[in-house]
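Quick notes on the structure that follows.
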Amino acid sequence: MITLEDALEYLGIGDDEEEVEQYPLIDGLVTRAIAEVERITGKYFGEAAATTHTISGTGTRFLRLPQTPAADPAPVVEREVTAGTWETVPATDYQIDDRTLVHNVGWCDGVRNYRITYTRGFADSSTDQEYQLARQAALEQVKQWWMAKDSDGLKGETIGGYSYTVDDSGQSAEPTEAMRSLRGWVYA
C-alpha cells in the first residue's frame, strides 16, 4: 500500500544524517497507518495473494467472507459433518456480491462446514480507485501523526531494535478526514 519511501516523499524528508535517524519512527507510522486502514475497512491492502477460509454456515442465503476477493474464487466446498469429506458446491448455486456469497436456496447451518480459496488484495492496485483512496488516507494519517509527534504524545525510542511509544493516554493524533471517510466502506 505505502512504503517508507512513499511516506518520506510525502513528508518531504530527505536523507541527511538527522533525518535518517527518524526513518524507524516513520516506518512504524507507516505500518500503523496500513493496519488502521485495514481495520477500518475490513479489507486487505497488500499484494494480491491466495488465502483460504473455513466458514460456518448460517442457515441463510448469505455467507460473509472476511475479505473481498480480487478475482473469482475457486469453487466453494462444503461438508455435512466436521470430519466429513469436502464436496464442491456447484458454481451455479451461488453468486458473489463483493464479499458475500449469495446462495440461490440457502447455505446449510453448521460449524466450519464451508471452505473457500480466493485471491485477496488488489489485482491491479495502480488503477483501482478504492485502493488509491485508501493509500492517500494512509499517507495523510502518517503525516498527521508525524506533525503531532512532538505535541501529542508520540515519542520515539531506541532500545536494542526499534520501537515507538505513545504517552500514557495511548492516543496520538485524531484520524484524518480521509481516514474517517473509509468507515463508510465497511460492509458497503
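Some observations on this one:
- Within segment 89-138, the set of residues being hydroxyl-bearing (S, T, Y) and loosely packed, with under 13 Cβ neighbours inside 10 Å comprises T92, S126, T127.
- Scanning segment 105-139 for residues that are more than 14 Å from the chain's Cα centre (by Cα), aromatic (F, W, Y) and part of a strand (DSSP E or B) yields a count of 2.
- Any hit, segment 59-70, residues being within 11 Å of Y114 (Cα to Cα), touching a Gly at 6+ places or on another chain (Cβ under 9 Å) and either surrounded by fewer than 16 Cβ atoms within 10 Å (Cβ to Cβ) or without any contact (Cβ under 8 Å) to a residue 12 or more places away in the chain (or both): no
- Qualifying positions in segment 20-55 - exposed (fewer than 14 other Cβ atoms within 10 Å of the Cβ) and either over 13 Å from the mean Cα position of the chain (by Cα) or within 15 Å of D98 (Cβ to Cβ) (or both): V20, E21, A50, T52, T54
- For segment 100-132, a residue qualifies if it is at pLDDT 90 or above and touching a helix residue (DSSP H, G or I) at 6+ places or on another chain (Cβ under 9 Å), and the qualifying residues are H103, N104, V105.
- E80 meets all of the listed conditions (1) outside the structural domain of E130 (by TED's automatic domain parsing); (2) within 21 Å of A7 (Cα to Cα) but one, namely (2).
- Cβ-Cβ under 6 Å pairs, at least 6 apart or on other chains, segment 84-111 side more than 20 Å from T68 (Cβ to Cβ), far side among the aliphatic types (A, V, I, L, M): W86/V77; T88/V77
- In segment 71-90, residue nearest to the chain's Cα centre (by Cα) [restricted to those that are of a type in the set (A, V, I, L, M) and closer than 19 Å to A50 by Cα]: A71
The values are calculated or read from the model by the stated rules, or taken from the named source; none is laboratory data. Worth saying up front: this structure is predicted, and the values here are computed from it rather than measured. Neighbour counts are summed over all protein chains in view; Cβ atoms, including those assigned to glycine, are modelled from backbone coordinates with ideal geometry.
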